[in-house]
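Every number here is computed from the coordinates shown, using simple stated rules; none is lab data. Just so we're clear, the structure is a prediction, and the values are computed from it rather than from any experiment. No Cβ is skipped: glycine too gets one built from the backbone with ideal geometry, and neighbour counts run over all protein chains shown.
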Amino acid sequence: MALLIRGGTVVTAEQTVRADVLCADGRIAAVAPDLAPPKGAEVVDAGGQYVMPGGIDPHTHMQLPFMGTVASDDFYTGTAAGLAGGTTMIIDFVIPNPKQNVLSAYREWRGWAEKAVADYSFHVAITWWDETVAADMETLVREHGVNSFKHFMAYKGAIMADDETLVNSFSKALSLGAPCTVHAENGELVYTLQDRIFRAGITGPEGHPLSRPPMVEGEAANRAIRIAEVLRVPLYVVHVSCRQALEAVTRARNEGQRVFGEVLAGHLLVDDSVYRDPDFTRAAAHVMSPPFRSREHQEALWRGLQSGNLQTTATDHCCFCAPQKAAGRDDFRKIPNGTGGIENRMEVLWHHGVGAGRLTMNEFVRVTSTNAAQIFNVYPRKGSVAAGADADLVVWDPAASKTISAKTHRQNVDYNIFEGMAVKGCASHTISAGKLVYARGELRVERGAGRYVNRPPFAPYYDALKRQADLAKPSAVARPR
Ligand code: DUC
Ligand code: ZN
Ligand code: ZN
């Protein structure tokens, strides 16, 4: 059935224009003023509202098996919560255990994601290395629409990629035309600091940020960036949370290196005082990595987003309920790391970004949708409002307001990191693949309606990078006789 969004103002990364949007067969059929509804079409009244590309959250972990438990929001509940907040696509992560066959992990995640109600794609983490991993990376890019690989520089003894793995994987990714991403924290330092802090008698959640200070992130970000520079590989640094990591990204960009930075809504808006809460459950609910930082870092992150040195916003949505967090009651190192936010990312960024005069509406679209679509190669199918694009849209009511609370959110978790935050500007309607899936508080989702989104590798830009990398190899340098 066709769907007409009538009377709104279309806001994209490039422009703001009065237009109706007609959706048919899952795609946008027309964007123009005063379109007549086809016979039988559903009509959404967008009068006084903005019509924008649906949000893309490029960093989620639905039902992730992690630290002895499994994230509580699965691909069904998590994507449904996203739709309620205007997010119509996620890019989640396949994270093989060390020595686990990478392709079989990918198939496992694909199975779990079949219940998603919104479109999804996967980055694949490289957690170990041998020639089978290299071959599986190639198969994933050539046959399965994967075009980005993730590397955890933390979580020693579990999923941490050492420098040898980074070098091997980055090189292989370049040859395949796929960007690399990193979780930048120095895993050795985290391990040592955790041990020292615990032995000093600090066993509660307040030990968590002490064991992962900004320098630990800054060092890893800089190392990954410099490795990527040597190998000529484009790099995307996930969840940049502090000034030191932002400076590493900014410096590289100023030098002309192709480096991107992502910031989490939580890191922009929640500060580290949460870890000093004497209530274990509340403090533990905020344990995630990298941890929330002081206000000085938050301000730096906003400036990074405003200046364009950070291009995307995400959530790292990875929920654990209080009984799961209780595994670390006597030892902060055992608190499952992760927080939620997919339902609220768009509204908190609108309120504190557009509403506070930090971002224009077009910049808001860029950092919540379009930039992610371009960096991860699904643009203009996603991240745009144009004929032929997927009809993934959000109708945004700038006058609507609400107070965020775990009591009313749809995320399958018992707390909300934005609890009590009043926001003005919310999704009134969300359209996924041309269907109205959220309308003024009511979700109309269909289990399994979400589709896997193939992301092709990059060319010919990467071909040029590969030639440069080959020229830099010792074998290509003429030896003096
Ligand atoms: N950080 C988290 O807080 N949770 C999941 C993985 C990660 O890197
Ligand atoms: Zn991470
Ligand atoms: Zn993550």
Phi to ³J(HN,Hα) by Karplus 6.51 cos²θ - 1.76 cosθ + 1.60 over segment 114-121, Hz, x for Gly, Pro
4, 8, 4, 9, 10, 5, 8, 8
What do you get for Rg/Rh over segment 374-481 if you use C-alpha atoms and the Kirkwood form of Rh?
1.25
Kirkwood-based Rg over Rh for segment 286-344 (C-alpha set), two decimals?
1.08
In debye, nearest 20, what is the charge dipole magnitude of segment 182-320 about its Cα centre with +1 on Lys and Arg Cβ and -1 on Asp and Glu Cβ, if you could check?
300 debye
Considering the Cα trace of segment 318-357, what is its radius of gyration and what is Dmax, both in angstroms?
15.0, 43
Determine the alpha carbon to alpha carbon distance for each of Lys99/Lys172; Lys334/Lys407; Lys150/Lys325 and list only those over 20 Å.
Lys334/Lys407; Lys150/Lys325
Against the 2.2 N^0.38 Å scaling, with N counting residues, where does segment 131-198 land? I'd like the Cα-based Rg ratio to two decimal places.
1.30
Could you give the alpha-carbon Rg of segment 1-150 over 2.2 N^0.38 Å, rounded to two decimals?
1.33
Please give the peptides 136-145, 426-435 ranked by average Cβ packing (other Cβ atoms within 10 Å per residue), highest first, as a rough proxy for protection.
426-435, 136-145
Directionally averaged shadow of segment 233-311, computed from the convex hull of its alpha-carbon atoms, nm²:
5.1 nm²
Hey, what's the per residue convex hull volume over the C-alpha atoms of the chain, in cubic angstrom?
139 Å³
Grab the other residues whose beta carbon is less than 11 angstrom from that of Gly434, score K and R as +1, D and E as -1, and report the net.
-2
So what is the 222 nm mean residue ellipticity for the chain from helices alone, if each DSSP H run of at least 4 adds -39500 (n - 2.57) and you divide by all residues, rounding to the nearest 500 deg cm²/dmol?
-9000 deg cm²/dmol
Once the principal axes of the Cα atoms of segment 258-358 are found, what is the range along each, listed largest first in whole angstroms?
42, 27, 23
Taking the beta-carbon count within 10 Å as an exposure proxy, list Ile225, Ile56 from fewest neighbours to most.
Ile225, Ile56
How do Asp73, Asp277 rank when sorted from fewest to most other Cβ atoms within 10 Å of their own Cβ?
Asp277, Asp73
Treating segment 94-216 as a set of equal point scatterers at the Cα positions, no solvent, please give the Debye-formula log₁₀ I(q)/I(0) at q = 0.12, 0.14, 0.20, 0.21 Å⁻¹.
-0.52, -0.67, -1.03, -1.09
